[in-house]
Amino acid sequence: MTSSAARSYLYERHALLVRITHWVNVVAFIVLLMSGLQIFNAHPNLYWGKSSYSGDPPLLRMTAKSAPNGERIGVTRVFGRDFETTGVFGLSRDSRGAWTERGFPSWLTLPGDRWLAMGRRWHFFFAWVFVINGLLYLAYSIASRHLTRDLVPEVKEWRTVGQSIKDHLRFRHPTGEAAKHYNVLQKITYLVVVFVLLPLVVLMGLAMSPWLNSLWPGWVDLVGGRQSARTLHFVAAWALVAFVLIHVFEVIISGVWNNLRSMITGRYRIRTEEPRDAT
């Protein structure tokens, strides 16, 4: 008669440079998001085209208006349709507790309620931190073959995409030796983030710079104009937020302490089942 015995050991999952760049990215991304929302609040509207003065209705507008009973309410307009969003978007309480017309609430912005100039400084500084840190990670990934070995799916893996989606929806995660490697859905997601979303958010941020536009005139028109670039920057940033939220959720349900330890110390605990004979 045969039974199985549980066994576990620590596996070196993440290199030191991967761990450092990961946590630098965490800090930089949080500050970039919150300072970016501070900048957005100076004009909480999104347009498509070269200018916000073209007369075209905005794709997105966060504002406050008077309700029929005379009370002020927050309103978010998306593609011409209004939604009441009092307390969150359009009208929310500031740090002193007073109702204030603003796009995003004060607790989501840095460095202050309406400190636009400093918000821009924070945003630009951490943007460079984010870019340099990302280039460092990319250079290491190419030099160490981390990119081709761990992130690029093999041909046979593409046939397992459907099953991987089903496994994620059922909260089934790899165990044992399979947990040493990213599954195909993780690989595809990371590649999209690294080579599509991150370059897009950086490039569209640069497209809003008058200095860069004067250096290479006309290139911003390739994406529809500066307001289009601002909209794409906003959308890409929130796509990254969605990725982060899903990523954190997966970290929690697949073993929060084990995943955190692997990103802090590099060591990930692998649990296996070994057969043994029993009489």
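The values are calculated or read from the model by the stated rules, or taken from the named source; none is laboratory data. Since we're looking at a predicted model, the values are computed, not measured. No Cβ is skipped: glycine too gets one built from the backbone with ideal geometry, and neighbour counts run over all protein chains shown.
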Verdict on Gly112 being over 21 Å from the mean Cα position of the chain (by Cα), in a loop (DSSP other than H, G, I, E, B) and among the small types (Gly, Ala, Ser)
yes
Taking region 89-134 and the residues there that are closer than 24 Å to Leu46 by Cα and among the small types (Gly, Ala, Ser), the one that is surrounded by the fewest Cβ atoms within 10 Å (Cβ to Cβ) would be Ala117
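If you scan region 173-208, which residues turn out to be of a type in the set (Val, Ile, Thr) and farther than 29 Å from Val131 by Cβ?
Going residue by residue through region 173-208, those that are of a type in the set (Val, Ile, Thr) are 175, 184, 188-189, 192-194, 196, 201-202.
The answer is Thr175, and nothing else.
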Note: among Arg13, Arg19, just one is assigned by TED's automatic domain parsing to the domain that holds Phe234 and touching a Lys or Arg at 6+ places or on another chain (Cβ under 9 Å), namely Arg13
For region 142-151 the number of residues that are more than 12 Å from His181 (Cβ to Cβ) and without any contact (Cβ under 8 Å) to a residue 60 or more places away in the chain is 5
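Got a number for residues in region 224-239 being part of a helix (DSSP H, G or I) and surrounded by fewer than 18 Cβ atoms within 10 Å (Cβ to Cβ)? Lay out the reasoning, then the answer.
To start, the set of residues in region 224-239 that are part of a helix (DSSP H, G or I) comprises 226-239.
Going one step further and asking which of them are surrounded by fewer than 18 Cβ atoms within 10 Å (Cβ to Cβ), we end up with 235, 238-239.
Within region 224-239, residues that are part of a helix (DSSP H, G or I) and surrounded by fewer than 18 Cβ atoms within 10 Å (Cβ to Cβ) number 3.
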From the option list Ile264, Ile253, single residue qualifying as of a type in the set (Val, Ile, Thr), at pLDDT 90 or above, out of contact with any helix residue (DSSP H, G or I) (no Cβ under 8 Å at 6 or more places or on another chain) and assigned by TED's automatic domain parsing to the domain that holds Leu16 is Ile253
In region 6-55, anything surrounded by fewer than 13 Cβ atoms within 10 Å (Cβ to Cβ), free of Cβ contacts under 8 Å to residues at least 60 places away in the same chain and of a type in the set (A, V, I, L, M) is listed as Val26
